[in-house]
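The values are calculated or read from the model by the stated rules, or taken from the named source; none is laboratory data. In this text the structure is predicted, and so the values were computed from the model without any measurement. Cβ placement follows ideal geometry from the backbone for every residue including glycine, while neighbour counts extend to all protein chains displayed. These accessible areas exclude ligands, DNA and RNA; they are computed on the full protein's heavy atoms, side chains included. Shrake-Rupley method; radii C 1.70, N 1.55, O 1.52, S 1.80 Å.
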Amino acid sequence: MTQTCLQWLSQFPISSRERTWRASKTEMQRWFDAGAIRMNAEKVEWNEPLDFPLISVVLFPEGRTKTTLL
């Protein structure tokens, strides 16, 4: 069974300088909807099947706290 982008990302904790936490699924859906998560340099929908080769994941690409996971 193919995972959605949200299911794949929700298995990882989110870290910042101050703390590490698990974002809620609703919070991550808002991030996807706002374009704050890019996979392979493209905006993806949270419910899109992850059936493509994953080369990079960037959180908050426009912000000062840009984080690259892959």
Just to check, using Stokes-Einstein with a Kirkwood Rh over alpha carbon pairs, what's the diffusion coefficient of the chain at 20 °C and 1.002 mPa s in µm²/s? 174 µm²/s
CD proxy at 222 nm, helix term only [per DSSP H run n ≥ 4: -39500 (n - 2.57); per residue of the chain; nearest 500]: -5000 deg cm²/dmol
Long-range amide H contacts for GLU48: which residues qualify at under 5 Å (H placed 1.01 Å from N, peptide plane, sequence gap of 5 or more or a different chain)? CYS5, LEU6
Please list, in chain and number order, the residues 5+ apart from ILE14 or on another chain whose amide H is under 5 Å from its amide H, with Hs placed from the backbone. TRP21, ARG22, ALA23
Could you tell me what percent of the accessible area of the chain is made up of carbon and sulfur, with a 1.4 Å probe and every protein chain present? 49 percent
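Write down the accessible area per residue of the chain in Å², having rolled a 1.4 Å probe over the full set of protein chains.
70 Å²
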With the charge dipole of the range 17-68 built from beta-carbon charges (+1 for Lys and Arg, -1 for Asp and Glu) about the Cα centre, the Cα from PRO49, MET39, PHE60 projecting farthest to the positive end belongs to PHE60
